[in-house]
Amino acid sequence: MRIFIDGVIGEDGFDQCPAPVQAEMMDNAAEMIVELETPPEAVFSTLSREDVRGVSMPTLLLSGELSPPVFRAITDELARSLPQVERVMIPGVSHDLGDAATFTEPVLGFLAKHG
């Protein structure tokens, strides 16, 4: 678990997590093993750049300022491919996007603008 979390979050990422978060990760380790042993194509459908370019509606991409680089790379690629995209970077949070108010404010603003 430590190797995986450090790979996603960064060096010493697991050790920097609070003890209750570490315990929750360890409690979920058995399910994670199944996920890691399952071929991605058995779980995920293929999504190509062409598929994304075909999305005609306005799309909101939310990112956490402290998100691991892999998540930023994904949202950067989506932003390049989506024809009508708005991005919001939520300061001081990771990919969990913080508390509900921090997350919902930009979503509600986007929906008010495009809904």
Check your understanding: With point charges of +1 on the Cβ of Lys and Arg and -1 on the Cβ of Asp and Glu, referenced to the Cα centre of the stretch 46-115, which listed residue (Leu111, His95, Val52) lies farthest in the positive direction of the dipole?
Key -> Val52
**Study point:** Inter-probe distance in nm under a simple model that places probes 7 Å from Cα toward Cβ, at Arg53 and Leu66
**Key:** 3.8
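Provide the convex hull volume over Cα atoms per residue for the chain, in Å³. Mind showing how you got there, number by number?
Values: hull volume 15.0 nm³, N = 115.
Convex hull volume per residue, Cα atoms: 130 Å³.
Using 0.36 nm per residue, how much length does the chain from Asp27 to Phe4 gain when fully extended, once their Cα-Cα distance is taken away?
Details: separation 23, 0.36 × 23 = 8.28 nm, distance 1.45 nm.
Full extension from Asp27 to Phe4 adds 6.8 nm.
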Practice item. Could you tell me which GluC sites (Glu not before Pro) in the stretch 37-115 are loop residues by DSSP with no more than 13 other beta carbons within 10 angstrom of their beta carbon? Key: Glu65
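Taken together, the values in this text are just the output of simple stated rules run on the coordinates, not laboratory data. As the structure is a prediction and not an experimental result, all values here were calculated from the model. Counting neighbours? That spans all protein chains shown, and the Cβs are built from the backbone with ideal geometry, glycine included.
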